[in-house]
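Have a look at the structure below, then the notes.
The values are calculated or read from the model by the stated rules, or taken from the named source; none is laboratory data. Just so we're clear, the structure is a prediction, and the values are computed from it rather than from any experiment. Backbone-built Cβ (ideal geometry, glycine too); neighbour counts: all protein chains shown.
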Ligand code: PAF
């Protein structure tokens, strides 16, 4: 695996592979890697070269969030990626990604959806995500980029951004990787203490129950969302939201319509903000 730190080297390596007829897929990450990331790398490898970026992006954290204490261990991450078969690691510093600084620089924002759901609780978050992912895609120009489905709203927003800006990169959805008890793997799970860790799978269980009730024909979405949030609250979570939406564009579902729906939730458990979702066909 090649490790590069500059935009020029990252682009040059991707171009070399592409000129040799190989397809390159980027897996953008913030490091603190785990099995779920490796599954995305394996998915990338199926169609050619797997490039991974590691950059803890300051612009997607609000003041007071966990930017400072976000786990960083580049050596351990690189070792895991080598083991997992990645071909390229791009690990730039902030000056490579934001050469003009973090403040007086161009921002990329998908309006509307970026202010809803997680965006209602983390107002600048998605503008930070789109601003950094646009840069990473344009710097490296891979053939495809994989984003895990656990961050469902992020995936939908990034699809929109790539489409709106005509960025010539295919957006590929990666699977959610779960622990044996159902908890979606996340770098932030390490903020959970032992008791919280035991409780954490309830988030997924509650979403599955909601999906089951909807499949059986329940259509009072507001009641379902409120009951799910109340159940989480009783058990010690502090939910930001539970919401039923259309899977394609995260618009509100029509009670009578068929199609793909998603139930999304974000809830605090101690110092960890957990997010999860269940997608199902109605
Ligand atoms: O999902 C993440 O890890 C981040 O939001 C991403 C896409 C790497 C952008 O910083």
| In segment 47-70, how many residues are in contact with a helix residue (DSSP H, G or I) (Cβ under 8 Å, 6 or more places away or on another chain) and either more than 12 Å from the ligand (Cβ to nearest atom) or farther than 27 Å from residue 192 by Cα (or both)? | 6
| task | Taking only segment 49-68 into account, find how many residues are touching a strand residue (DSSP E or B) at 6+ places or on another chain (Cβ under 6 Å) and in contact (Cβ under 8 Å) with a residue 60 or more places away in the chain. | result | 2
| said: Suppose the filter is more than 12 Å from the ligand (Cβ to nearest atom), buried (at least 20 other Cβ atoms within 10 Å of the Cβ) and on the phi > 0 side of the Ramachandran plot; does residue 88 pass it? | reply: no
| task | Provide a single number: the residues in segment 227-261 that are touching a strand residue (DSSP E or B) at 6+ places or on another chain (Cβ under 8 Å) and under 26 Å from residue 272 (Cβ atoms). | result | 16
| note | Of (1) more than 15 Å from the chain's Cα centre (by Cα); (2) within 25 Å of residue 40 (Cα to Cα); (3) surrounded by 14 or more Cβ atoms within 10 Å (Cβ to Cβ), residue 185 satisfies every one except (1)
| request: Give the residue, chosen from 127, 134, that is under 19 Å from residue 54 (Cα atoms), crowded, with 16+ Cβ neighbours inside 10 Å, within 13 Å of the ligand (Cβ to nearest atom) and free of Cβ contacts under 8 Å to residues at least 60 places away in the same chain. | output: 134
| Residue check, residue 76 more than 24 Å from residue 12 (Cα to Cα) and surrounded by fewer than 19 Cβ atoms within 10 Å (Cβ to Cβ) | yes
| task | Name every residue in segment 46-89 that is within 18 Å of the chain's Cα centre (by Cα) and over 24 Å from residue 271 (Cα atoms), in order of residue number. | result | 50, 51, 52, 53
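Quick one: which residue in 43, 38 is without any contact (Cβ under 8 Å) to a residue 60 or more places away in the chain, under 17 Å from the mean Cα position of the chain (by Cα), over 20 Å from residue 134 (Cβ atoms) and outside any loop (DSSP other than H, G, I, E, B)? Quick ask: steps written out before the conclusion?
Details: 43 fails: without any contact (Cβ under 8 Å) to a residue 60 or more places away in the chain.
Just one listed residue meets the conditions, 38.
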| query | Limited to segment 140-155, what total is found for residues that are more than 13 Å from the ligand (Cβ to nearest atom) and either surrounded by fewer than 22 Cβ atoms within 10 Å (Cβ to Cβ) or more than 26 Å from residue 96 (Cα to Cα) (or both)? | reply | 3
| query | If only one of 69, 82 is in a helix (DSSP H, G or I) and either surrounded by fewer than 15 Cβ atoms within 10 Å (Cβ to Cβ) or at pLDDT 95 or above (or both), which one is it? | reply | 82
| message | Out of everything in segment 112-121 that is buried (at least 20 other Cβ atoms within 10 Å of the Cβ) and touching a strand residue (DSSP E or B) at 6+ places or on another chain (Cβ under 9 Å), what residue ends up being nearest to residue 63 (Cα to Cα)? | response | 118
| note | If we keep only residues of segment 85-111 that are in contact (Cβ under 8 Å) with a residue 12 or more places away in the chain and in a helix (DSSP H, G or I), then the residue farthest from residue 57 (Cα to Cα) is 96
